[in-house]
Amino acid sequence: MLLIVLELIGIAVFAASGSVAAVRARLDVFGVIVLALTTALGGGIIRDVLLGVHPPTSLRNWPYLLVAGGTGLIVFWFHPQVAKLRRSVLLLDAVGLGLFVTSGTTTALAHGATPYAACLIGMTTGIGGGALRDLLLREIPLVLRREIYAVAALAGAVVVALGEWAKLPKGLVALTGASIIITIRLIALWRKWNAPVARGLEG
Amino acid sequence: MLLIVLELIGIAVFAASGSVAAVRARLDVFGVIVLALTTALGGGIIRDVLLGVHPPTSLRNWPYLLVAGGTGLIVFWFHPQVAKLRRSVLLLDAVGLGLFVTSGTTTALAHGATPYAACLIGMTTGIGGGALRDLLLREIPLVLRREIYAVAALAGAVVVALGEWAKLPKGLVALTGASIIITIRLIALWRKWNAPVARGLEG
Amino acid sequence: MLLIVLELIGIAVFAASGSVAAVRARLDVFGVIVLALTTALGGGIIRDVLLGVHPPTSLRNWPYLLVAGGTGLIVFWFHPQVAKLRRSVLLLDAVGLGLFVTSGTTTALAHGATPYAACLIGMTTGIGGGALRDLLLREIPLVLRREIYAVAALAGAVVVALGEWAKLPKGLVALTGASIIITIRLIALWRKWNAPVARGLEG
């Protein structure tokens with residue numbers, strides 16, 4: 001139950017990040033909805049394909065599609081001024097990453113994956129939707145450009161796997177994992193943390 | 001049987017759209033064939049992965065590969081003058097979309113998917129190959145740029161699902177579904193229908 | 001056993017090709033590692049998804065991740081001068097292609113695929129990782145631009161499938177298949193073999 005709520009919130013947030021990016025790229029209303037769906041449902045579909053869940057959960061339950069499509073429509077009509085959009089994509093992306101990595105790791109464990117595989121599948125669930133969004137808009141994906149992206153996702157996934165292994169309450173574990181990811185991403189954005197580029201390429 | 005014929009025609013048409021796009025991008029003969037194969041078989045492979053059909057149908061039956069590769073080769077040698085090519089891609093794409101959405105929805109139903117899931121998987125089957133084609137050639141996919149693309153696909157998928165639910169003759173249902181999609185797409189291309197872009201972005 | 005060793009060497013080589021390409025694109029250290037992982041593990045994950053192996057092998061066994069990530073880190077710190085990098089990507093890519101097509105074809109046969117399906121899945125295993133690498137860096141994939149790419153992969157896959165069918169020793173078959181692919185690719189690079197572009201497009 002908690003898992004489904006977390007996943008639906010994550011879907012709304014990622015749908016918003018996808019549709020804001022689509023509005024910035026000047027797509028029309030249908031393009032915005034398609035990109036909202038892809039960003040919001042892509043990670044979960046990749047997760048289900050890797051776990052062998054057929055057909056993927058989000059293609060079998062209409063609330064997923066409704067939340068993702070509805071969010072896209074809302075963003076299309078009520079999006080804030082264009083100047084603020086770049087920041088919103090990054091912020092929404094951080095929250096969506098936190099929720100998706102957490103729910104992806106928990107789902108993988110529930111399907112019998114080892115903790116090691118569950119961490120990797122959880123990471124992929126969180127990273128996948130945003131990577132599809134950037135690929136479709138012909139941008140180099142955030143996960144390749146943003147230093148602390150994959151690391152934040154991995155940290156949260158490991159916390160969730162450890163918490164489940166220690167049999168801590170699931171709600172607590174999920175919220176802690178998501179919070180860690182969101183906090184790391186927000187601090188990285190706020191402080192403009194930069195990772196080193198290979199030597200000899202500067203200037 | 002009807003399903004296989006429809007699918008093979010769809011494969012030929014999508015292979016033609018992929019190889020015409022590849023010729024326009026000045027790829028050599030092998031690049032043209034690879035793009036023909038990807039465009040023609042991509043949607044069906046995505047469908048089989050979502051349905052859990054292993055290995056995908058098109059990788060197990062040589063006619064699929066033969067039709068797709070042969071079409072690529074034919075387009076490479078006999079393609080019309082370059083000036084007319086842009087239009088041909090759009091036209092072929094419309095026919096391929098109609099055939100693939102129809103056969104994808106029918107296949108999903110035959111594998112026990114619910115009508116709801118079958119519609120979404122049918123849409124994905126139709127959209128997938130063309131999206132791969134555009135991604136590989138570094139264009140923003142048609143489905144994001146063309147207003148009535150996903151809607152046309154969805155309309156056809158719903159008609160097929162309803163028809164099968166009402167137990168109408170399969171051939172009739174498939175032809176109706178495909179015709180609806182192709183007609184909507186052609187009218188949209190002919191009338192240059194445009195969907196609204198988000199406010200504040202014009203000019 | 002031989003299969004695992006071949007696969008790990010292939011992973012290291014493809015990870016190197018991915019991370020060298022990432023260094024050239026001026027990604028930071030985490031971006032380099034993510035691209036190393038994607039290039040190295042992408043082909044095998046696609047293969048496992050097509051064969052219905054859940055979860056994919058490389059997400060269940062830590063040596064895969066360790067080899068891919070470690071190679072990325074090593075390339076990041078010790079990469080040669082930037083000027084030489086373009087050539088290295090092509091060279092490493094040839095070796096990785098040879099090893100991955102071979103191990104992919106063998107794995108598919110071991111999972112009960114027909115020789116025909118095994119050849120196609122082997123090709124896809126070899127081509128997939130490099131195509132993902134190029135897509136993520138927004139380049140048109142090598143397989144579309146390099147004439148003798150898919151053909152070399154197919155030739156090697158057919159040799160492996162024939163060898164297994166004739167029940168020749170597996171080690172010999174694998175090495176022969178890989179050598180054929182690498183040799184064809186290197187000769188193509190060395191002689192700058194070019195395939196014809198469609199008529200009417202020159203100049």
Using the structure shown, decide if B:Gly96 is closer than 17 Å to B:Val20 by Cβ and within 14 Å of chain A (Cβ to nearest Cβ). no
Kindly evaluate B:Ile9 against the criterion of being β-branched (Val, Ile, Thr), modelled with pLDDT under 90 and under 24 Å from B:Leu120 (Cα atoms). yes
Any chance region B:188-197 includes a residue that's modelled with pLDDT of 90 or more and among the β-branched types (Val, Ile, Thr)? no
Inspect region C:147-158 for any residue being of a type in the set (Ser, Thr, Tyr), closer than 30 Å to A:Arg145 by Cβ, at pLDDT below 90 and out of contact with any strand residue (DSSP E or B) (no Cβ under 6 Å at 6 or more places or on another chain) and give the result as yes or no. yes
All positions within region A:126-149 that are touching a Ser or Thr at 6+ places or on another chain (Cβ under 7 Å) and under 19 Å from A:Leu6 (Cβ atoms): A:Gly129, A:Gly130
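Only one residue in A:Leu99, A:Leu92 is modelled with pLDDT of 90 or more and under 12 Å from the mean Cα position of the chain (by Cα). Which one?
Details: A:Leu92 fails: modelled with pLDDT of 90 or more.
One residue alone meets the criteria, A:Leu99.
Assess whether A:Gly163 counts as being in a helix (DSSP H, G or I), more than 10 Å from chain C (Cβ to nearest Cβ) and either within 17 Å of the chain's Cα centre (by Cα) or surrounded by fewer than 19 Cβ atoms within 10 Å (Cβ to Cβ) (or both). Before you say what the answer is, go through the steps one by one.
Working: in a helix (DSSP H, G or I): yes; more than 10 Å from chain C (Cβ to nearest Cβ): yes; either within 17 Å of the chain's Cα centre (by Cα) or surrounded by fewer than 19 Cβ atoms within 10 Å (Cβ to Cβ) (or both): no.
Here the answer is no, as A:Gly163 does not meet what is asked.
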Restricting the search to region B:20-37, which residues are at the interface with chain C (Cβ under 9 Å from one of its Cβ atoms) and part of a helix (DSSP H, G or I)? B:Ala22, B:Val23, B:Arg24, B:Val29, B:Phe30, B:Gly31, B:Val32, B:Ile33, B:Val34, B:Leu35, B:Leu37
Among the candidates C:Ile140, C:Ile184, C:Ile127, residue that is closer than 21 Å to B:Ala21 by Cβ, at pLDDT 90 or above and either part of a helix (DSSP H, G or I) or not aromatic (Phe, Trp, Tyr) (or both): C:Ile127
Within region B:106-123, identify whether any single residue is under 18 Å from A:Leu65 (Cβ atoms) and polar (S, T, N, Q), and answer yes or no. yes
Note on region C:13-60: residues without any contact (Cβ under 8 Å) to a residue 24 or more places away in the chain, of a type in the set (D, E, K, R) and under 30 Å from A:Ala110 (Cα atoms) are C:Asp48, C:Arg60
Tell me whether region B:114-122 contains one or more residues that are within 14 Å of chain A (Cβ to nearest Cβ), farther than 21 Å from A:Leu35 by Cα and outside any loop (DSSP other than H, G, I, E, B). yes
Which of the residues that make up region B:87-121 are crowded, with 23+ Cβ neighbours inside 10 Å and at positive phi? none
B:His111 vs (1) within 16 Å of the chain's Cα centre (by Cα); (2) at pLDDT 90 or above; (3) within 12 Å of chain A (Cβ to nearest Cβ): all pass except (1)
State the number of residues belonging to region C:55-71 that are within 7 Å of another protein chain (Cβ to nearest Cβ) and either buried (at least 22 other Cβ atoms within 10 Å of the Cβ) or touching a strand residue (DSSP E or B) at 6+ places or on another chain (Cβ under 8 Å) (or both). 3
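The values are calculated or read from the model by the stated rules, or taken from the named source; none is laboratory data. Quantities reported herein were computed from a predicted structural model and do not represent experimental measurements. Don't worry about glycine lacking a Cβ; one is built from the backbone with ideal geometry, like all the others, and counts go over all protein chains shown.
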